[in-house]
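Any read-out appearing in this document is the output of simple, stated calculations on the displayed coordinates, not a laboratory observation. What you are looking at is a predicted structure, and each value in this text was computed from that prediction instead of being measured. Because the Cβ atoms are built from the backbone with ideal geometry, glycine has one as well, and the counts that use them run over all protein chains shown.
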């Protein structure tokens with residue numbers, strides 16, 4: 001089939017106009033700078049180590065790009081990733097460079113602040129501790145709590161060794177006995193108050209509160 005340079009001339013002209021308009025729109029956008037907060041993500045924490053203390057949630061990132069691209073950015077488009085594979089027990093310093101910040105294509109990371117983050121690491125451990133049910137309220141007049149049991153009686157807790165040494169017991173959700181005249185039996189969640197600690201396996205407990213007539 002012979003080539004005809006003027007075939008579909010209208011469509012060719014239209015596509016050329018659209019391309020030119022798009023170029024004008026992009027070229028006409030101003031290059032601006034904007035400061036945003038980027039969430040900090042931790043990767044490759046060595047096994048047997050725990051992060052302790054106050055961890056940085058975000059860093060301040062100065063970005064450069066077209067005004068349109070920056071205005072379209074959402075919270076999920078930006079993050080600072082720290083590689084912790086070289087961590088060891090004690091207080092350590094980690095640099096945060098522009099190359100560690102993930103941004104959409106066409107956006108340049110100019111500066112990150114702070115550029116260095118201090119973090120502390122401890123050896124992790126495991127410990128068995130008793131479960132102490134949390135009992136709320138008082139039975140009805142003339143009655144009293146005579147016995148409280150938990151099944152299981154102990155749970156395994158993991159976390160930094162220093163926090164494990166301070167832990168006396170795990171707690172349960174409250175079991176209310178207000179104005180009760182009969183024994184109460186509830187299934188409640190077990191937890192620990194220290195946020196640096198955790199149960200090795202999420203557990204619930206069957207708490208039984210024995211309520212009897214008060215002895216004269």
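Per residue, the chain reaches -4500 deg cm²/dmol at 222 nm when only DSSP H runs of four or more residues are counted, each adding -39500 (n - 2.57).
Rg/Rh for the range 50-96 stands at 1.10; both radii use Cα atoms, and Rh follows the Kirkwood definition. Counted over the chain, the DSSP beta bridges are approximately 85% antiparallel.
Note on the chain: with a GNM built from Cα contacts shorter than 10 Å, the maximum mean-square fluctuation among 103, 192, 32 falls on 32.
Each Cα pair of the chain feeds into the Kirkwood radius, which the Stokes-Einstein equation turns, at 25 °C and 0.890 mPa s, into a diffusion coefficient of 105 µm²/s.
Helix 9-28 sits at what angle to the longest principal axis of the chain, using alpha carbons and giving 0 to 90 degrees rounded to 10? Tilt of helix 9-28: around 60 degrees. As a proxy for reagent exposure, 119, 171, 128 were ordered by neighbouring Cβ count within 10 angstrom, fewest first; the result is 128, 171, 119. The distance separating the Cα centre of the range 79-141 from that of the range 37-61 comes to 3 Å.
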